[in-house]
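First comes the structure, then the notes that go with it.
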Amino acid sequence: MMVASNDFGTTKVAFDKVNKFYGPFQALRDVTLSVTTGEVVVLIGASGSGKSTLIRCVNGLETFHSGSLVVEGFSMPTIKDLEFGGGEKALRQIRRGVGMVFQQFNLFPHKTVMENIALAPMRVRGKSREEAQATAMRLLERVGLRDHAQKYPGMLSGGQQQRVAIARSLAMEPHVMLFDEPTSALDPELVGEVLDVMRELRTEGMTMMIVTHEMAFAREVADRVIYMDKGAIVEEGPPAQIFDKPISDRTRTFLSRVLKH
Amino acid sequence: MIIATLHSWARRNLFANLIDSILSILIVTALGWLLTVFLRWVIWDAYWQRIYESLRLFLVGQFPEDQTWRAWVALALLCTAVGAVLLPWSRRLGVAIWLIACGAAVFVLVPPGLDRWGGLLLSIMLTVVVSTASLPLGILFAFGRSSRNPSLRACCTGYIEVMRSVPLILVVYWIWITVPLFMPEVSISSLARGMIGYTVFNAAYVAEYVRSGLQAVPRGQREAARSLGMSNWTISTEIVLPQALRVVQPALVGNVLDVFNGATLVFIIGLMDFLRAGQLILVDPAASGQTNEVYLFMFAVYFVIGSAITFGSRRMEAHMHRSTR
């Protein structure tokens, strides 16, 4: 907990020299990065470059071996801490404030859209059924799916499912939202509706970390773009700088490959 | 019209070419002959009076005659229980009614004494009690076996593997003998001990089915639940287990059928189940001529109950799928 009190409130997420290994393979190399309140950070890079691993660390779905990660003033336990049975409490505290949207939506297929959204507020935040369902209805309206509350996820299109997933995360009133390739599993014509919801979140001032391959979207919404390669942050800066005059050769090569077609 | 359809069907399916035609003629002739012989025996030669006279022994064994109403009440309760889980309404309500109705059925049947249960009554009650008790036990062992705690995991794995590598009769017999050794001051009836032994045995099989279901739930489901801050308990009971049970539901109902058919083996501890009742009837010299009738009757009863269970399983599966699509 090496956080100066004045840092809390402006810095939401702070990585300091974080390293992670899968056996001999190093997934994260000395990652140092901080995200401030209301900032939208977009991570780009080839697959396997560690960007998904990085944002999955923020809510503890991935653990790391060394370095420190502080999320909203709570120190994320390392692998060692968890092995000795510590850190569970900090982990739960962090997860309460951090929402996540996955590439494969991961909606609960045996529960209706309404139940998907209302379950966690009831079970984790202890809200009453009426309150949780009212909130869920409001969120569904916001993502344009009011009429689908009683359907099962399997009856919805991919774009609709992803919007439900966003609503489900928002129901926990998170301070930080993580998006792990939210549009990669969608048919091209459904991408827009999901990006629209994310744009709206940005205007409301949500702190977001987004992994995406939608470069045009990244340029449009990002306050800061981070290019990663081989588990390390190669270059970061405002979108205009990264996309128009990148400093690193690796960034340039990557962008020329993804922007060509 | 119908004849024309039949004709073209036969043409396409039975007599499409020379080999098909020869096979069809041979098989239809053989089946027809067998059926004729069989039906002639069933209708004219068989002495069904014997079954009718022994019906009581077949159905309830030594259950006191003036208490027969209890068996009828139990039957009604069991039908309610089965109906509750077959109807496509709230699963929770269905399970609750099942538990209450089955519990009530046991309660109604107990007063004359567990030792008096016999015949089909015993076979069915044994199946109901063992299947119902095995499920929660099996779920616990399945979670235990996939637990992160090594000692718990080792215990559960050991239990499951030991039970699965020994025969049912051995476990039932062993529990029957050892329970009185550990608790000499209380007398527990043979049937209760048999139920315990059978449950202990069957729970290991249920655990393996459930575990395969737990593994079938995609990792993303747990991750999504964890990212919403849910506790391990909520994740297990609300997210993972319901999906796992859906996957293995056909296997679990198949297991009920296995329990019903395996229930014949409890004769080893002196219980008179349906099959044993039939054998006892044949011991009577007066009935020894009716072996075929007795066995055919038992065959038919087992077949009807077995196929009813399979049919019920398919219905449950169908409306379970409807609710997730």
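The values are calculated or read from the model by the stated rules, or taken from the named source; none is laboratory data. Here the structure is a predicted model, which means the values were calculated and not measured. Backbone-built Cβ (ideal geometry, glycine too); neighbour counts: all protein chains shown. SASA here: full protein model, heavy atoms, side chains in, ligands and nucleic acids out. Shrake-Rupley method; radii C 1.70, N 1.55, O 1.52, S 1.80 Å.
Restricting the range B:203-240 to residues that are among the hydrophobic types (A, V, I, L, M, F, W, C) and over 20 Å from B:L252 (Cβ atoms), which is farthest from the chain's Cα centre (by Cα)?
Among them, the one singled out is B:L228.
Taking the condition away from chain A (no Cβ under 14 Å), within 15 Å of the chain's Cα centre (by Cα) and open to solvent by less than 40 Å² (accessible area, probe 1.4 Å), does B:G278 pass? No, not satisfied.
For the range B:209-218, name all the residues that are more than 9 Å from chain A (Cβ to nearest Cβ) and either among the β-branched types (V, I, T) or open to solvent by 30 Å² or more (accessible area, probe 1.4 Å) (or both).
Taking the range B:209-218 first, the residues more than 9 Å from chain A (Cβ to nearest Cβ) are B:209-217.
The answer is B:Y209, B:V210, B:R211, B:S212, B:Q215, B:A216, B:V217.
Among the residues that make up the range A:59-78, is at least one of them in contact with a strand residue (DSSP E or B) (Cβ under 7 Å, 6 or more places away or on another chain), at pLDDT below 95 and over 30 Å from A:D229 (Cα atoms)? Among the residues of the range A:59-78, not one is in contact with a strand residue (DSSP E or B) (Cβ under 7 Å, 6 or more places away or on another chain), at pLDDT below 95 and over 30 Å from A:D229 (Cα atoms), which makes the answer no. The residues in the range A:121-156 that are within 11 Å of another protein chain (Cβ to nearest Cβ), closer than 15 Å to A:E173 by Cβ and touching a residue at least 24 places away in the same chain (Cβ under 8 Å) can be counted, and the count is 3.
Anything in the range A:45-60 that is free of Cβ contacts under 8 Å to residues at least 60 places away in the same chain and surrounded by 22 or more Cβ atoms within 10 Å (Cβ to Cβ)? List them, or say none.
If we filter the range A:45-60 for residues that are free of Cβ contacts under 8 Å to residues at least 60 places away in the same chain, which is where we start, we get A:47-48, A:57, A:60.
Correct list: A:C57, A:G60.
A residue that is open to solvent by less than 20 Å² (accessible area, probe 1.4 Å), more than 21 Å from the chain's Cα centre (by Cα) and within 14 Å of chain B (Cβ to nearest Cβ) cannot be found anywhere in the range A:175-194. Taken over the range B:136-187, residues that are closer than 24 Å to B:G262 by Cα and not in a helix (DSSP H, G or I) amount to 3.
The rows are residues; the columns are (1) at pLDDT below 95; (2) more than 29 Å from B:I239 (Cα to Cα).
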site	(1), (2)
B:L86	yes, no
B:I139	no, no
B:L170	yes, yes
B:S189	yes, yes
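For the range A:81-95, which positions are open to solvent by less than 60 Å² (accessible area, probe 1.4 Å), within 11 Å of chain B (Cβ to nearest Cβ) and closer than 19 Å to A:V13 by Cα? Within the range A:81-95, A:L91, A:I94, A:R95 meet the criteria.
On the stretch given as the range A:111-120, residues that are touching a residue at least 40 places away in the same chain (Cβ under 8 Å), at the interface with chain B (Cβ under 9 Å from one of its Cβ atoms) and touching a Lys or Arg at 6+ places or on another chain (Cβ under 9 Å) total 1. Of all residues in the range B:281-302, exactly one satisfies the criterion of being under 13 Å from B:L120 (Cα atoms) and open to solvent by 70 Å² or more (accessible area, probe 1.4 Å), namely B:F299. Please go through the range A:110-145 and pick out each residue that is within 21 Å of B:R226 (Cβ to Cβ), of a type outside the set (V, I, T) and open to solvent by less than 50 Å² (accessible area, probe 1.4 Å). Once the filter is applied, which keeps residues that are within 21 Å of B:R226 (Cβ to Cβ), of a type outside the set (V, I, T) and open to solvent by less than 50 Å² (accessible area, probe 1.4 Å), the range A:110-145 yields A:H110, A:K111, A:N116, A:A118, A:L119, A:A120, A:P121, A:M122, A:K127, A:A132, A:A136, A:L139. Do we have A:T212 as surrounded by 19 or more Cβ atoms within 10 Å (Cβ to Cβ) and either among the polar types (S, T, N, Q) or modelled with pLDDT of 95 or more (or both) here? The answer is yes for A:T212.
Among the residues of the range A:183-195, what is the count of those that are in contact with a helix residue (DSSP H, G or I) (Cβ under 6 Å, 6 or more places away or on another chain) and either of a type in the set (V, I, T) or at pLDDT 95 or above (or both)?
Let us first name the residues in the range A:183-195 that are in contact with a helix residue (DSSP H, G or I) (Cβ under 6 Å, 6 or more places away or on another chain), namely A:183, A:186, A:190, A:193-195.
Add one more test, that the residue is either of a type in the set (V, I, T) or at pLDDT 95 or above (or both), and what stays is A:183, A:194.
Residues flagged as in contact with a helix residue (DSSP H, G or I) (Cβ under 6 Å, 6 or more places away or on another chain) and either of a type in the set (V, I, T) or at pLDDT 95 or above (or both) within the range A:183-195 amount to 2.
For the range A:39-71, the set of residues classified as within 13 Å of chain B (Cβ to nearest Cβ) and not hydroxyl-bearing (S, T, Y) consists of A:I55, A:R56, A:C57, A:V58, A:N59, A:G60, A:L61, A:E62, A:V71, listed by residue number.
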